[in-house]
Amino acid sequence: MNMHSKLGADVVANERSYRRPEKPVVVICIDGSEPGYIERAIEKGLCPNLDRIMKTGANTTALSVIPSFTNPNNLSIITGRPPAWHGIAGNFFYDREAKEEVMMNDARFLRAPTILAEFQKAGCKVAMVTAKDKLRTLLGKGLDFSSGTAIAFSSEKADKANKAENGIDNVLDFVGLPVPEVYSADLSEFVFAAGVKLLKTFQPDVMYLSTTDYVQHKAAPGSEIANSFYKMFDRYVGELDALGCTLVMTADHGMNDKHLADGQPDVIYLQEILDEKFGAGATRVILPITDPYVAHHGALGSFATVYVDADKSQAVIDLVKGIEGVEVAIPAKEACERFELPADRIGDVVVLSGKHKVLGTAAAKHDLSGLTEPLRSHGGLTEQTVPMIANRKIEVPAGRTLRNFDVFDVALNLVR
């Protein structure tokens, strides 16, 4: 009888099978961690733990889901499936029936159980810490906090965490840090510090840690700010690794400069262009990057969706395709097939801009006062490649392209 047989039957989540772990499994989503950040910090001698792990364990890349935004990718990671399966295609969509624009932050929008919830049901202890509370309710859906086998909280609202809603009281005392500012690297550091503490004391079988891309929106790989962040991260990676867990790290999306030579954002204001051609009210541009935390990106990303009557759909595509900087302009049906998106939560036309361009609605509708540095953002195909790093060697079947939402499969099934 092998070790996994002794541990009991595999856990099935969304028709994917996961082995019960022999040792604690920790999965980290480093928000916005474009390949290159860690490598540049290693070159400066700032990340000895990651340097060692990437040489002795696994160091490869994976593809994120499109749109390459935080929520769709975190929910894909936590369910092991693309947005067509779990329903979260962005932070924001237009509800055709209600005729209103809706934030998709509420757990009611999630259509699939999470891997953590299925492991808890199977008798395992689970934990989850996120930077922002917008994700905590979605990622924590289905967890039973009354049993003492689940803990889930955010850095942002760590001071408000309680047994009934989070499975834990007095988080600030537990972690030993104050509540961090939302727009700071401290928000992510709190996640790592909490993860180390939980691994030492609560000893979960499976834990998910998800950070914020505050630093990555501000600073490119190799910059002083970025190197400082990854030096801090490396310290916690060393602590987690020393505690004997299987540690696998990925990202929800990459990040690119999206600005002109003078530092101004390089924006295609799509709603303005469409209004000029088709008249005001004929189309509605939705930017799924929009969320309550837009200071560092001004709701500007490289993915947009357009709601338009069927008789004008092709004309919109033809017009948008001709705009310099637009990489993809396709009908919803094609987008759903190509990017595995839920048809009822995207518009009639899907638009992606290129590496250094972002999509906006109208200039007057974007508050860019929070952009203290030239814009860096994400959402398109050029932010789809992300790291996949493990502290143990992994065996990926020949011909298989890893996705970031395979990270639990990697951690539980593919490690050697």
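The values are calculated or read from the model by the stated rules, or taken from the named source; none is laboratory data. Everything numeric here is computed off the predicted structure, so don't read it as measured data. Ideal geometry is used to build each Cβ from the backbone, glycine not excepted, and the neighbour counts take in all protein chains shown. Note: areas computed on protein heavy atoms with side chains; ligands, DNA, RNA excluded. Shrake-Rupley method; radii C 1.70, N 1.55, O 1.52, S 1.80 Å.
Side notes on the structure shown:
- For segment 334-416, the relative contact order is 24 percent, taking Cα pairs closer than 8 Å that sit 6 or more residues apart in sequence and dividing their mean separation by the residue count.
- A simple spin-label model places pseudo-atoms 7 Å from Cα toward Cβ; at D367 and D144 they are separated by 4.3 nm.
- For the chain, the Kirkwood estimate of hydrodynamic radius, built from reciprocal distances between every pair of different alpha carbons, is 21.6 Å.
- Averaging the Cα positions of each part gives two centres, and for segment 210-231 and segment 146-203 these lie 22 Å apart.
- Note on the chain: antiparallel DSSP beta bridges, both residues inside, total approximately 60 percent of the bridges counted.
- Distance violations [Cα-Cα > 32 Å] among K44/K200; K157/K231; K132/K321: K132/K321
- Report summary: the helix-based calculation at 222 nm, which adds -39500 (n - 2.57) for every DSSP H run with n ≥ 4 and divides by the residues of the chain, gives -8500 deg cm²/dmol.
- Local net charge near R376, Cβ-Cβ under 12 Å (Lys/Arg +1, Asp/Glu -1): -3
- Relative contact order for segment 212-308: 20 percent, from Cα pairs under 8 Å spaced at least 6 residues apart, divided by residue count.
- The apolar share of the surface of segment 1-145, taken as the fraction of accessible area on carbon and sulfur atoms (1.4 Å probe, ligands and nucleic acids excluded), comes to 47 percent.
- In whole angstrom, segment 196-247 maps to an equivalent ellipsoid with semi-axes of 26, 12, 8, each derived as √(5λ) from the alpha carbon gyration tensor and ordered largest first.
- The slack in the chain from Y183 to I225, taken as 0.36 nm per residue of separation less the alpha-carbon distance, amounts to 13.7 nm.
- Dividing the C-alpha radius of gyration of segment 60-201 by 2.2 N^0.38 Å, with N its residue count, gives 1.08.
- Using the average count of surrounding beta-carbon atoms within 10 Å as a protection proxy, the listed peptides 308-318, 189-199 rank, highest first, as 189-199, 308-318.
- Most fluctuating residue given options I394, I88, I289, as computed from a GNM of the chain linking Cα atoms under 10 Å: I394
- Stokes-Einstein translational diffusion, segment 267-354 - Kirkwood Rh over all Cα pairs, 0.692 mPa s, 37 °C, in µm²/s: 247
- Dividing the mean sequence gap of close Cα pairs (under 8 Å, 6+ apart) by how many residues segment 1-90 holds gives a relative contact order of 20 percent.
- Here the chain is assigned +1 on the Cβ of each Lys and Arg and -1 on the Cβ of each Asp and Glu. Its dipole about the Cα centre then comes out at about 1380 debye.
- Tail beyond 14 Å, pair distance distribution of segment 60-131 (Cα, percent): 65
- Rounded, prolate or oblate (a/c below 1.5 giving rounded, otherwise prolate when a/b exceeds b/c) for segment 299-406 by Cα gyration tensor: oblate
- The alpha-carbon of K277 sits under 15 angstrom from the alpha-carbons of these aspartates and glutamates, leaving out residues fewer than 8 places away in its chain: D309, D311, D318.
- Each listed q (0.12, 0.15, 0.22 Å⁻¹) maps to a log10 I(q)/I(0) for segment 112-184, found by the Debye formula over equal Cα scatterers with no solvent: -0.30, -0.47, -0.93.
- Compared with the rule-of-thumb size 2.2 N^0.38 Å for a compact globular protein, segment 357-416 has a Cα radius of gyration ratio of 1.77.
- Counting protein heavy atoms only, segment 151-219 has 46 percent of its accessible area on carbon and sulfur, 1.4 angstrom probe.
- Candidate cross-link partners of K393 among the aspartates and glutamates, defined by an alpha-carbon separation under 16 Å and a same-chain spacing of 8 or more, comprise E22, D51, D241, D406, D409.
- Normalised per residue, the accessible area of the chain is 38 Å², obtained with a 1.4 Å probe and no contribution from ligands, DNA or RNA.
- Shape analysis of segment 1-105 places it in the oblate category; the axes a ≥ b ≥ c from the Cα gyration tensor give an a/c of at least 1.5, with a/b not above b/c.
- Dipole-positive endmost among Y230, G399, P265 within the chain (Cβ charges, Cα centre): G399
- Whether segment 310-362 is rounded, prolate or oblate, judged on the alpha carbon gyration tensor where a/c under 1.5 counts as rounded: oblate
- Theoretical gain in end-to-end length, R111 to E43 [0.36 nm per residue, Cα-Cα removed]: 20.2 nm
- Computed over the alpha-carbon pairs of segment 190-323, the distance histogram in 10 Å steps reads 9, 28, 24, 19, 13, 7, 0 percent, short to long.
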